[in-house]
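Encoded as structure tokens, the structure appears first; notes follow it.
The values are calculated or read from the model by the stated rules, or taken from the named source; none is laboratory data. Keep in mind it's a predicted model, so treat the numbers as computed, not measured. Cβ sites come from the backbone with ideal geometry, for glycine too, and all protein chains shown count toward neighbours. These accessible areas exclude ligands, DNA and RNA; they are computed on the full protein's heavy atoms, side chains included. Shrake-Rupley method; radii C 1.70, N 1.55, O 1.52, S 1.80 Å.
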Amino acid sequence: TRFILRGTFLIELIGALAMLPVFCRDYGWHGIWMAVFHSISAFCNAGFDIVNDGILFNSLMGYAANPIINLAIMLLIIIGGLGFLTWSDICTNGIDIKRYHMQSKVILTVTSGLILVPTVYFFFFELVHLPFAERFWGALFQAVTPRTAGFNTVDLNAMSETGQMITSLLMIIGGAPGSTAGGMKVTTFAVMISVAAAVFQKRQNGCFFGRRIDDDTVKNAATVFFMYISLFLLGGIAISKLENLPLVTCLYESASAVGTVGLTLGITPEL
């Protein structure tokens with residue numbers, strides 16, 4: 001408990017100090033509160049912002065090309081979403097990954113993939129109309145924030161339906177178990193991918209790093225996976241039918257709710 005409390009306050013303090021110069025430049029002394037609020041909100045994967053630029057759902061779009069705000073918010077989201085067991089492994093074993101718990105190895109591997117692949121897609125296919133700096137930071141930020149954080153630095157409505165559905169899937173997957181993030185969890189997703197790969201390769205069991213996945217773990221993962229997908233689909237279909245709105249938009253809203261993310265395409269006040 002001491003490790004968790006110290007780690008939490010230290011990381012949030014560093015995050016606030018990193019953002020302090022930018023917010024104080026824009027908001028004066030009120031920037032101190034802005035930095036503290038957004039550091040806690042990002043680390044806890046809450047996604048609430050208090051940037052008042054007069055535009056609804058604008059979130060952090062005013063800082064789309066600011067490297068300090070982008071890096072600070074993204075690192076806080078990622079660190080909060082890795083989970084306390086993974087922190088402990090990193091603090092105890094440093095870069096000696098072989099000594100990490102199996103769960104930590106899976107979390108770090110899958111998290112890296114879930115950031116890298118969407119970033120490449122958003123950069124080359126979704127944000128091509130933006131200047132390079134905004135395009136780079138926007139692609140990276142939008143790959144990180146669906147992990148239940150709820151901030152955005154680009155116009156979500158300007159994305160194609162494909163981009164919106166990819167974001168929806170990221171929101172459902174969420175972060176790591178024992179973390180500040182929601183969603184079905186990256187370990188559940190990893191187990192389902194491993195089991196599917198085992199079936200394709202005609203192996204009896206899924207495995208991670210040469211270790212077999214226990215049958216009870218597979219059953220639990222399948223149950224959680226089915227529950228989240230069912231809530232996502234049924235919720236989106238119900239909203240679309242009752243409110244007479246486009247299905248993709250409603251699925252986006254449903255994924256955001258079931259993953260406790262907070263991203264929206266703007267239909268929330270109208271429901």
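Tabulated data for the structure shown
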item: GNM top mover of I14, I166, I193 - the chain, alpha-carbon springs below 10 Å; result: I193
item: Using θ = phi - 60° and Karplus 6.51 cos²θ - 1.76 cosθ + 1.60, couplings along segment 183-195 (whole Hz; Gly, Pro as x); result: x, 6, 5, 5, 5, 4, 4, 5, 4, 5, 5, 5, 5
item: For the chain, with +1 on Lys and Arg beta carbons and -1 on Asp and Glu, the positive-most of G7, Y63, F122 along the dipole; result: G7
item: Residue with peak Gaussian network fluctuation, the chain [Cα springs, cutoff 10 Å], from S194, S104, S254; result: S194
item: Paramagnetic reach from L10 in segment 82-100 [backbone N under 20 Å; point 7 Å along Cα→Cβ]; result: 82-97, 100
item: Cβ crowding within 10 Å averaged over residues, with 199-212, 235-248, 168-181 ranked highest first; result: 168-181, 235-248, 199-212
item: Accessible carbon and sulfur surface of segment 82-197 relative to its total accessible area, %, 1.4 Å; result: 69
item: Shape category assigned to segment 31-172 from the gyration tensor of Cα positions, a/c cut at 1.5; result: oblate
item: Residues with amide H under 5 Å from that of G259, placed H, sequence gap 5 or more; result: none
item: R0 of 22 Å, Cβ-Cβ distance V199-S112: FRET efficiency to nearest 0.05; result: 0.35
item: Principal axis dimensions, segment 147-271 - Cα atoms, whole angstrom, descending; result: 49, 29, 24
item: Computed [θ] at 222 nm, helices only, for the chain once each DSSP H run of length n ≥ 4 contributes -39500 (n - 2.57); result: -20500 deg cm²/dmol
item: Two-decimal Rg to Rh for the chain - Kirkwood Rh, Cα set; result: 0.98
item: Dipole moment magnitude, nearest 20 debye, the chain about Cα centre, only Lys, Arg, Asp, Glu C-beta charged; result: 1080
